[in-house]
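Inspection log for the structure reproduced underneath, given as structure tokens.
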Amino acid sequence: MARDITFEEAQKRVEELRKEIDRHNYLYFVLNAPEISDQEFDALMRELIELEEKFPELITPYSPTQRVGEQPSKEFAQVQHPVPLLSLSNAFDFGDLKEWDERIKRQVKNSVDYVVELKIDGLSVALTYENGIFVMGATRGDGYTGEDITANLKTIKTLPLRLKDAIPRLVVRGEAFMPKAAFNRLNEERERNGLPLFANPRNAAAGSLRQLDPKITASRTLGLFVYEVFMVKGVELDTQWRVLDFLQKQGFPVNPYKKLCSSIEEVYSQCKEWEEKRWELDYDIDGLVVKVNSLEIQKTLGHTSKSPRWAIAYKFQSEQAVTRVKDIIIRVGRTGVLTPTAILEPVRIGGTTVSRATLHNEDIIREKDIRIGDKVVVQKAGEIIPEIVSVIKEERKGTEKVFSFPAKCPECGSRVVRFPGEAAVRCTGGLVCPAQQRESIIHFASRDAMNIEGLGPKIIEQLLEKGLVKDVADLYYLKKEDLINLERMGEKSAENLINAIQKSKSNPLSRLLFGLGVRYVGSRAAKILAESFKTMDKLIEADIDELLEINEIGEKIARSIVEFFKEEHNLKVIEKLKNAGVNMSEVSSEEVLPFKGKKFVLTGKLNSMTRNEAKEKIEFLGGEVLSSVSRKVDYLILGKDPGSKYEKAVSLGITILDEEQFLELIEKSKK
């Protein structure tokens, strides 16, 4: 489309696309009511990107394509807030609320009603718009001076880059947060990569928004709720309730759980109700915020140097319980991290029975002086992970035992190490440590690694129990007769699994390297390393200086790689893989590939493979898979029940291949 369009036509179409994309983003991320499929949304984005590439002068800061793309910042600039971002005074019970209500009524003659809103446990931010365009976002900082995190805030899909109306100037306040599900996924990923875990979603959100590279922020799922107008030109607002309505109409995400209350008793009823219901939410709240509804009365009441007199935070009591530490055990994860866990006498907290609490690392045990046999106060950290808050030392009887980390791995007997600057203690047993074997094989077989279809956790457990495998290399020496006797494994299933294992031998080095689970080496770093060194042997021989010369490879990754290849048992596993015929080289993107420069679009259902597998085959041979049909496309791959892409491809004269022709093209290209 972009080739046969005038500048004026492009300008009009770009504006239409931006409005349409913004609308669908709002429907999807804010209202949770999408109207189109992901593929249709991708097609709109692709068209916009193509037009902006052809007419770069049409690119604007508020374009949906500009949410990610800024270069990493060396530091955050300081921002002076036009209005102080004050903190709130706290109430912990009805007595505190009643006292606050009485103070207000002594100053105000008229009747007062209140707006009650959820108090999101996240990071407070100020957002500035000029002529309806988002121009700057900053952290709260000390309330008067914050840090410019505009580029990172742009990555939050629910934050509007352009408002419904071109308001001359608008400054609002909101709370950025990380949903619980996203927090759990992030910590699982960090654990797989041997990185320190975030303590709670609030810390994760704050850490994500203070990344110097916006692309890291964009890789994490963050949310936003906006709740206050600091400054506005050209709009008259008289109540907080209308403020929330105004914000929502302008396209801001506004928390739906709000209530207008006519008395402090009704306010308290809301507080008690949400103290019970907060567990149902997919994000953390640590209380409710109560505000005088009338903005005129708010001005009359004013504020102290620290907090407004017209608002108060009702804070939930942290659900805590007292129990006893029965034991402290060590769990060894896939990356070899030794994580201490307290075994507790079971106790009820937050509606669930807690019998374990993570102790995170050696330093926390020492700082809190936690001993086996201690009576302790336990609570849920961030409403998710049980933790020990403190030790009741006055109840010690002298029989408590001081816990010490083992000098050797409790699972395999390998030495344990603690690298300078790290809190984690790690087993050096690598791929032969029994505790790491199961998780390492699961990771090795996963989709983003060697992609061995049919090799799931239950089969891996059986293989380990029967002694058929001890490390990832043993997978390639399995025979069909080894598998037939496994539970729920017939002859056909065994044959399919053997074929899948054999098929994975041809994967490029980058997949193998990621599958080996070297600490800090994710799929992106594995690809960079594989393309730089081309073969496993050259990578094994590399020293720290050579590794550091590679763009995006830092000291942590470099040291981790060198340490991994120092271990004799890791080298033995790699040698076994090599002897089994597993590919140890990478097809460089610089080499001439048969599909290089060719663009493909897939439509309909394929019989012999999934759409994702077809995409991987195309990309492996140097091709690019697009989501929509345009004149740039070279081939349309036609499956069963194709959509409108087929008709468009026919009208544009694009080469159309059915599945059989596609497979023939792949085989021919490989030869």
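Throughout, read-outs are computed from the coordinates displayed, never taken from laboratory work. All values reported here derive from a predicted model rather than from experimental measurement. Note that each Cβ is placed from the backbone with ideal geometry, even for glycine, and that neighbours are counted across all protein chains shown.
For the chain, the mean residue ellipticity at 222 nm estimated from helices alone is -10500 deg cm²/dmol, where every DSSP H run of n ≥ 4 contributes -39500 (n - 2.57) and the total is divided by all residues, rounded to the nearest 500.
Rounded to the nearest 0.05, the FRET efficiency derived from the C-beta distance between residue 484 and residue 341 at R0 = 22 Å is 0.05. Using 0.36 nm per residue and subtracting the Cα-Cα separation, the extra length available between residue 545 and residue 145 on full extension is 139.9 nm.
For a paramagnetic label modelled on residue 80 (point 7 Å from Cα along Cα→Cβ), amide N atoms under 19 Å away belong, within the stretch 125-156, to 126-129, 136-149. Please report the base-10 log of the normalised intensity I(q)/I(0) for the stretch 446-488, using a Debye sum with one equal scatterer per alpha carbon and no solvent, at each q in 0.20, 0.27 (1/Å). For the requested q values the scattering log ratios are -0.63, -1.14. In this structure, the amide hydrogen of residue 113, modeled 1.01 Å from its nitrogen in the peptide plane, lies closer than 5 angstrom to those of 293, 294, counting only residues at least 5 positions away or on a different chain.
Going through the stretch 472-524, which GluC sites (Glu not before Pro) have at most 16 other Cβ atoms within 10 Å and a DSSP loop state?
487
For the pair residue 640 and residue 269, label points projected 7 Å from Cα toward Cβ lie 5.8 nm apart. Neighbours of residue 338 by Cβ distance under 10 Å: Lys/Arg scored +1, Asp/Glu scored -1, total +1.
Restricting the stretch 232-281 to GluC sites (Glu not before Pro) that sit in a DSSP loop and have at most 12 other Cβ atoms within 10 Å of their own Cβ leaves 236.
Placing R0 at 45 angstrom, the Cβ-Cβ distance between residue 491 and residue 42 gives a FRET efficiency of 0.60 after rounding to 0.05. Electrostatic tally near residue 545: other residues with Cβ closer than 14 Å to its Cβ, Lys and Arg +1, Asp and Glu -1, net -4.
Under 10 °C and 1.306 mPa s, how fast does the stretch 90-315 diffuse according to Stokes-Einstein, given a Kirkwood radius computed over C-alpha pairs? Answer in µm²/s, whole number. After rounding, the answer is 85 µm²/s. Counting neighbouring Cβ atoms within 10 Å and putting the fewest first, the residues 506, 440, 627 line up as 506, 627, 440. If you take all other residues with their beta carbon under 12 Å from the beta carbon of residue 269, and give Lys and Arg +1 and Asp and Glu -1, the sum is -3. Comparing Cα centroids, the stretch 140-216 and the stretch 507-561 end up 30 angstrom apart. Say the cut-off is 25 Å between C-alpha atoms; which of 272/380; 98/306; 480/505; 109/291; 98/180; 215/249 go over it? Over 25 Å apart, Cα to Cα: 98/180; 215/249.
Dipole size of the chain about its Cα centre, with +1 on Lys/Arg Cβ and -1 on Asp/Glu Cβ: approximately 800 debye, rounded to the nearest 20.
Seen from every direction in turn and averaged, the convex hull around the alpha carbons of the stretch 320-402 projects onto 5.5 nm². The modelled label-to-label distance between residue 607 and residue 631, using points 7 Å beyond Cα along the C-beta direction, is 3.7 nm.
Return the subset of 503/538; 527/576; 479/572; 479/605 for which the Cα-Cα distance in this structure is over 28 Å, preserving the input order. Distance filter (> 28 Å) returns 479/605. Here the scattering of the stretch 544-671 is modelled by Debye summation over its C-alpha atoms, one equal scatterer each and no solvent; at q = 0.21, 0.22 Å⁻¹ the log10 of I(q)/I(0) is -1.16, -1.23.
Stretched out straight at 0.36 nm per residue, the stretch from residue 35 to residue 257 would grow longer than its current Cα-Cα span by 77.6 nm.
Taking the number of Cβ atoms within 10 Å of each Cβ as an exposure proxy, the fewest-first ranking of 257, 268 is 257, 268. The length gained on full extension between residue 464 and residue 320, counted as 0.36 nm times the residue separation minus their Cα-Cα distance, comes to 47.8 nm. Approximating the spin labels as points 7 Å out from Cα along Cα→Cβ, the residue 369-to-residue 423 distance works out to 2.0 nm. As a rough guide to protection, the peptides 217-229, 395-407 ranked by mean Cβ packing within 10 Å, highest first, stand as 217-229, 395-407.
For the stretch 376-532, the equivalent ellipsoid built from the Cα gyration tensor has semi-axes of 38, 21, 16 Å, listed from largest to smallest. Cysteines in the chain lacking any other cysteine Cβ under 4.7 Å from their own Cβ: 261, 271.
Across the chain, Cα-Cα pairs more than 34 Å apart make up 59 percent of the total. For the stretch 599-670, the mean projected area of the C-alpha convex hull, equal to one quarter of the hull surface, is 4.3 nm².
Short-range pairs are left out: with C-alpha atoms under 8 Å and at least six residues apart, the relative contact order of the stretch 313-357 is 33 percent.
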